[in-house]
1. Leaving out same-chain residues fewer than 8 places away, which lysines sit with a Cα under 30 Å from that of Lys83?
2. Taking a point 7 angstrom from the Cα of Leu116 along the C-beta vector, which residues in segment 69-90 have backbone N less than 11 Å away?
3. From the residues Ala84, Ser43, Gly67, which one has its Cα farthest along the dipole of segment 18-166 in the positive direction, the dipole being from +1 and -1 charges on Cβ of Lys/Arg and Asp/Glu about the Cα centre?
4. Could you line up Glu24, Glu154 from fewest to most neighbouring Cβ atoms inside 10 Å?
5. Set the Förster radius R0 to 41 Å, insert the Cβ-Cβ distance between Ile153 and Asp129 as r into 1/(1 + (r/R0)^6), and round the FRET efficiency to 0.05.
6. Given points 7 Å out from each Cα along the Cα-Cβ axis, report the Leu48 to Asn109 separation in nanometres with one decimal.
7. Taking H placed 1.01 Å from N in the peptide plane, check which residues at least 5 places from Gly143 or on another chain put their amide H under 5 Å from its amide H.
8. Could you derive backbone 3J(HN,Hα) for segment 102-108 from the dihedral phi with the Karplus parameters 6.51, -1.76 and 1.60 (θ = phi - 60°), listing whole Hz in sequence and x where the residue is Gly or Pro?
Amino acid sequence: MILKYLLIPFIFLIPLYCSEAYIETASSTTQIPNLITGSFVLSDSIALIKHFDINPDKSIFTCKIPGLYLVTDGLQPGALGSKASGYLDTWFVLNGNPIPGSNSRQYINQDVQIALMTNTFLIKLKPGDTFAVKFTASGPDIGLLTIKTQTSIEPYILCYGLTMFKIY
């Protein structure tokens, strides 16, 4: 019984010790998309990276090792004002092209002013393939929101996090 409880925390370290390629990024900066073309989600921190390159604005990742990768992200869409109403869309991008079936939509209104979106995807990558996350919204008053907590003992609630690692 004790062994079961000792193993649980180490499950989260599997990509770090069992994968030859991985990346984990996050953003603590509120982001508003370009409503016409969409915007790449920007990362302002890279927690872990192995066998990926990243462009200068930290939005596009380039694979160095071929394989099957598990990708998961979490985004926090929300209203920038109390009267905002509409939606936020997000999708994965491979080599500059949207990946069919990777998109999701979250509606925001006066009753639901902030939400959580998660997306998970398996994707085959080869060296030189680029990967990114894009998003857009129905209006300029909806974006990815970071919540700056009121206490010094609690970290910010991030607007975006992405983890990708090779599984095969």
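Read-outs throughout are calculated quantities, based only on the coordinates presented, and are distinct from any laboratory measurement. Small disclaimer: the values here were computed from a predicted structure and weren't measured. Note that we place each Cβ from the backbone using ideal geometry, even for glycine, and neighbour counts take in every protein chain shown.
1. Straight-distance partners of Lys83: Lys134, Lys148.
2. Within reach of a label on Leu116: 74-76.
3. Gly67
4. Fewest to most other Cβ atoms nearby, the residues stand as Glu154, Glu24.
5. Taking R0 as 41 Å, the efficiency between Ile153 and Asp129 is 0.50.
6. Label at Leu48, label at Asn109, 4.0 nm between them.
7. Correct list: Gly78, Leu80.
8. 9, 8, 8, 9, 10, 8, 10
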